[in-house]
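Note sheet for the following structure.
The values are calculated or read from the model by the stated rules, or taken from the named source; none is laboratory data. The structure presented is a predicted model; accordingly, all values stated were derived computationally and were not measured. A quick note on method: Cβ atoms are made from the backbone with ideal geometry, for glycine too, and the neighbour counts reach across all protein chains shown.
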Amino acid sequence: MDDRQVLLGRIVGVFGVDGWVKLHSFTEPRENIFRYRPWTLRGPAGESMVAAPQGRTQGKGVVVRLDGVGDRDAAAALVGTEVWVPRATLPKPRKGEYYWADLEGLAVRTAEGVNLGRVSHLFATGANDVMVVQGERERLIPFVQGLQVVKVDLDAGLIEVDWDPAF
């Protein structure tokens, strides 16, 4: 059983005076965040479960009404809170596609067999995603399949890359 949690969003502000919050959704499209339940909210006040969040798109973002949050002050206290969901609730990725959560922690090795470390995390840039690989030092390796990324083997826990170990 896969009991991992995946970060899907973050509360970034308040919306109105009745306790609604603005949510930055990491899903594509952004309203898909409502498909995955339950939510685990992790923030300064601790951790809580939200079984059926109610919300909608609003402008370029998403707004959400959470049970027990009835005014602007209560909503403001949630800014910075993260929205996590069980990894098992996400759909299976298509061939050649990966969830970042599935790549984090994998070993990274060059095509010549030099171990570079493990994927700490990934981040998006305008051009492509980038793997942060922690080993004897930190490396930033573009996650471009067919160029820098030669092979991803989730079962073996390994990413093979075409990368100069000296870089």
Would you pick out the residues in the range 8-66 that are basic (Lys, Arg) and more than 15 Å from Trp84 (Cα to Cα)? Lys22, Arg56, Lys60, Arg65
Under 6 Å by Cβ, and 6 or more places apart or on different chains, what pairs join a residue from the range 111-136 that is closer than 14 Å to Ala101 by Cβ with one that is part of a strand (DSSP E or B) and charged (D, E, K, R)? Leu122/Asp129
Every residue in the range 144-167 that is touching a residue at least 24 places away in the same chain (Cβ under 8 Å) and at positive phi, please. Gly157
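Return the residues of the range 17-49 that are of a type in the set (A, V, I, L, M) and at pLDDT 90 or above; say none if nothing qualifies. So that I can check it myself, show each step before the final result.
Step one: list which residues in the range 17-49 are of a type in the set (A, V, I, L, M), which gives 17, 21, 23, 33, 41, 45, 49.
Scanning the range 17-49 gives Val17, Val21, Leu23, Ile33, Leu41, Met49.
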Please verify whether the range 83-101 includes one or more residues that are surrounded by 14 or more Cβ atoms within 10 Å (Cβ to Cβ) and of a type in the set (Asp, Glu). no
Looking for whichever is touching a helix residue (DSSP H, G or I) at 6+ places or on another chain (Cβ under 7 Å) and either assigned to a strand (DSSP E or B) or touching a residue at least 24 places away in the same chain (Cβ under 8 Å) (or both) here; the options are Val21, Val64. Which one fits? Val21
Look at Val69 and say whether it is surrounded by 14 or more Cβ atoms within 10 Å (Cβ to Cβ), part of a loop (DSSP other than H, G, I, E, B) and over 19 Å from the mean Cα position of the chain (by Cα). yes
Qualifying positions in the range 24-40 - closer than 16 Å to Gly68 by Cβ and either over 14 Å from the mean Cα position of the chain (by Cα) or not in a strand (DSSP E or B) (or both): Pro38
